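In what follows, a structure is listed as structure tokens, so that the remarks can point back to it.
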Amino acid sequence: AVQAAEVVQPDLIQRLRLLFNSLGLDTSLPKVARRERVTTLLLLHGVPSNQAVHFARAMNYGATFEDFASGCVLMDPRTPHGDRHGLERLKHIHRMYDQNEDGLLDFNEFCCMVRHVRTSRGIANARVQSEVEAEAISYLA
């Protein structure tokens, strides 16, 4: 994802590198401090608080520049969904919703993803748990 972004938007990677360094993520910070800094950054850029921690986890709390930059590029809705980039994006989305980090999405984690998709599509009843569960079950059938 980072290599693709360098071709399309070379200044983006340069700006992300400056941001990464300015947050002190280029140092050996403890995981808790990295999580706090990346989550705060996401909140400042408009990521809803109930999603920011998931985005931060999916980018491994910015453990490396590649993790940080890939996470930023892959969560951008303008990132292509097809071919190799689509596969990277799917892996990133999976990490985002795998809250217990067991490598699998349990039903509650899957419902959380469905809820966010419904909200992003403007479905008014996106928070009604029974409807979210019904839609989630329809995807699994």
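Compared with the dominant principal axis of the Cα atoms in the chain, helix 10-22 is inclined by about 80°. Principal axis analysis of the Cα atoms in the chain yields extents of 44, 33, 28 Å, listed in decreasing size.
For the chain, with every protein chain kept in place, what is the accessible area per residue (1.4 Å probe, Å²)? Before the final figure, lay out each step's value.
On the way: 8240 Å² over 141 residues.
On a per-residue basis, 58 Å².
Ranked by the mean number of other Cβ atoms within 10 Å of their residues, highest first, the peptides 20-33, 87-100 fall in the order 87-100, 20-33. Computed extension gain for Ala63 through Asn108, at 0.36 nm per residue and net of the alpha carbon distance, reaches 13.5 nm. Which one of Phe110, Ser70, Ile137 is farthest out on the positive end of the charge dipole of the chain, using unit charges on Cβ (Lys, Arg +1; Asp, Glu -1) and the Cα centre as origin? Towards the positive end, the residue furthest out is Ser70. Axis angle, to the nearest 10 degrees, between helix 107-120 and the longest C-alpha principal axis of the chain: 80 degrees. Label sites at Ile137 and Val32, each approximated as a point 7 angstrom past Cα along Cα to Cβ, lie 4.2 nm apart.
The values are calculated or read from the model by the stated rules, or taken from the named source; none is laboratory data. Keep in mind that what you see is a predicted model, and the values were worked out from it rather than measured. Virtual Cβ from ideal backbone geometry, glycine too; neighbours counted across all protein chains shown. Ligands, DNA and RNA are stripped out before the accessible areas are found, and what is left, the full protein with its side chains, is counted by its heavy atoms. Shrake-Rupley method; radii C 1.70, N 1.55, O 1.52, S 1.80 Å.
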